[in-house]
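Report on one structure; see the data block that follows.
Since every read-out is calculated from the coordinates, none of them should be taken as a lab result. Since this is a predicted model, take the numbers as computed values, not measurements. In this analysis, Cβ positions are derived from the backbone assuming ideal geometry, glycine residues included, and neighbour counts consider all displayed protein chains.
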Amino acid sequence: MTALAPLMSAVPSRREEDWRYSDIAAVERAWPVVPETATIAAGADATQLIVQDAAPGSASIRHLAITLAAGARLTLHIINSGGAYGRIALDVTLQEGAHFELGGIIIAGGEQVLEIVTTVRHAGPGASSNQIVRCVAGGTATATYLGKVAVTRAGQQTDAAQSFKALLLDRGATANAKPELEIFADDVKCAHGATVGELDKMALFYMESRGLPPATARALLMRAFLSDALVSMADDGEREAAEARVTALLA
Amino acid sequence: MIIIDNLHAGIDGKTILNGLSLTINGGEIHAIMGPNGAGKSTLSYVLAGRAGYEVTSGSVTFMGQDLLAMAPHERAAAGVFLGLQYPVEIPGVSNLMFLRTALNAQRHARGEKEASGAEFMKLAKAAAEALGLPYEMLKRSVNQGFSGGEKKRNEMVQMAVLEPKLALLDETDSGLDIDALRVVSDGINRMRSPERATLLITHYQRLLDYVVPDYVHVLVDGRIVRTGGPELAHELERDGYVSMAA
């Protein structure tokens, strides 16, 4: 990803693949972006929750470059819902036997443009990654997940999986999903899946026929859908807090 | 309780109910029988308010109110319950959470006090036990991985907890083995009360051996062509619907 160079001077354009669905006027307002870098030490087990809840109308871009040393684990969760434009880009490098787990949620409404962009480099043998991204988009909002998995020549026995699912609540809403694989090793397992759908009308009717007001029924279905991305939160208290946050955003 | 008067309704511009009239009083159980395509499920969907069904003429008065003017969740709060022929699976939403949310939404709409966690659990446990559905199953996602019989029992659990005034049971007997049929029938019979009206919609006479209706109606081409007592169901079983349509 080109944008990783520290303090890129030029604002990206939509001609660049990573930015083709972006709100460039908003990107200009957030530019320049300083990448944040971190290293997870060998054998360490780290967890992090990134909440993008920028003020309405604002633009927020975060760029994280994270290296996982041999045998390290990182479980990262994202709730991307704020601002007019919100982008969270991850550049994750996995050394031997490291594991990266991502649970990403996008809740987009109005005219919001919200993005999760990941590049996961399997730079050593036996590393694994699992990315689950769920999004709901209403109004004329745009939700985008660009997920690139790059397996270097050293990345034998890579096990990488990506799953993206989006629910569109209104006709004007858009979801973009682009999985991308770049593989230079021969013994790898890479799986990806993407679906875009609508709320199940029969389930909504069923819930309403039991007395749930339509807004409550929709929120319950959306929360259930999004909670797939939070299953990997090991701590019950943290997961419940994250679910409560999601519930509040859907209200 | 409910007065259906000269109801004409359909879907996608196609008329399915063709002047259906039916009155059910509190305490009564009515059965509607009819061949495939007669309009049985359409009737239940129109009464519950499913989107897409269009009423072109006629009226439905439920406890003095215009039922057709109400949204589905308002009908539920007023006391209408539809037991579905094919209960829907809702991944990620537990039965208990769904049912408690429904009960409290109804109570809230009626201006009643909401059920506490303990009160609700007691109701749900008693209902599950009576219907022979392990309480543990109610902790799972709504109907997900349930067999056909378990789904129907679950519908009855919901009905027992929600205590509707009008129960519309659409082919509740389909997909049930004989033991499950008995359990589900007992569930319906237990809820028989002067304050409740029940409409059984069914293909077969079998259910009516266990839940004996006050009236049996024969629905053909969107209208009731004959009404009688429980013996009419046996006549139908013997002679078929063809003789009725003539």
Span from the region B:31-70 Cα centroid across to the region A:133-151 one, whole angstrom: 42
From other protein chains only, count the Cβ atoms within 10 Å of every residue's Cβ in B:101-112, then give the mean. 3
What is the sum of charges around A:Arg239, taking Lys and Arg as +1, Asp and Glu as -1, for the other residues whose C-beta is under 15 Å from the C-beta of A:Arg239? -4
Which of B:Leu22, B:Pro230, A:Gln52, positive extreme of dipole for the protein assembly as shown (C-beta unit charges): A:Gln52
For region B:127-220, just the Cα set please: Rg and Dmax, both in angstrom. 13.2, 42
Would you mind checking which residues have amide H under 5 Å from A:Thr67's amide H? H placed 1.01 Å from N; only 5 or more apart, or other chain. A:Ala38, A:Thr39, A:Ile40, A:Thr93
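One-quarter of the Cα convex hull surface for region B:91-134, in nm²? Don't skip to the answer; put the middle values down first.
Numbers: hull surface 14.4 nm².
Its Cα hull, projected and averaged over all orientations, spans 3.6 nm².
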Cα-based radius of gyration of region A:1-116 once divided by 2.2 N^0.38 Å, which approximates compact folds: 1.11
So how strong a dipole does the protein assembly as shown carry about its Cα centre when Lys and Arg Cβ are +1 and Asp and Glu Cβ are -1, to the nearest 20 debye? 440
Only Lys, Arg (+1) and Asp, Glu (-1) charged, at Cβ; chain A dipole about Cα centre in debye: 460
Could you compute the FRET efficiency for A:Thr174 and B:Thr56, with r as their C-beta to C-beta distance and R0 at 41 Å, rounded to 0.05? 0.65
Quick check for me: using +1 on Lys/Arg Cβ and -1 on Asp/Glu Cβ, what's the dipole size of region A:1-125 about its Cα centre, in debye to the nearest 20? 120
I need the Kirkwood Rh of region B:1-64: take the reciprocal of the average 1/r across all distinct C-alpha pairs and report it in angstrom. 12.2
³J(HN,Hα), Karplus 6.51/-1.76/1.60, whole Hz, each residue of region A:55-65, x for Gly, Pro: 4, x, x, 8, 10, 9, 10, 10, 10, 10, 10
Semi-axes of region B:1-147 from the Cα gyration tensor (sqrt of 5 times each eigenvalue, largest first, whole Å) come to 31, 19, 15
Which semi-axes, in whole Å and largest first, does the equivalent ellipsoid of chain A have when worked out from the alpha carbon gyration tensor as the square roots of 5 times its eigenvalues? 30, 22, 16
Quick check: the distance between the Cα centres of region B:222-246 and region B:147-199, to the nearest angstrom? 23
Positive dipole terminus of the protein assembly as shown, leading residue within A:Gly110, A:Ala234, A:Gly147 (C-beta point charges): A:Gly110
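Using the scaling law 2.2 N^0.38 Å as the reference, what is the normalised Cα Rg of region A:128-251?
For region A:128-251, the normalised Cα radius of gyration is 1.27.
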Directionally averaged projected area (convex hull, Cα atoms, the protein assembly as shown), nm²: 27.4
Prolate/oblate/rounded label for region A:133-182 (Cα gyration tensor, a/c 1.5): prolate
Sorted by chain and then number, the residues having a modelled amide H within less than 5 Å of the amide H of A:Ala46, at least 5 places away or on another chain, are A:Arg73, A:Leu74, A:Thr75
Please compute, for peptide B:86-94, the average count of beta-carbon atoms on other protein chains lying within 10 Å of each residue's beta-carbon. 6
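Within 10 Å of each Cβ in A:224-233, how many Cβ atoms from other chains are there, averaged over the peptide?
Numbers: counts 9, 3, 1, 3, 2, 0, 0, 1, 0, 0.
Going residue by residue through A:224-233 and averaging, the value is 2.
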May I ask for the Kirkwood hydrodynamic radius of chain B, worked out over all distinct Cα pairs and given in angstroms to one decimal? 18.4
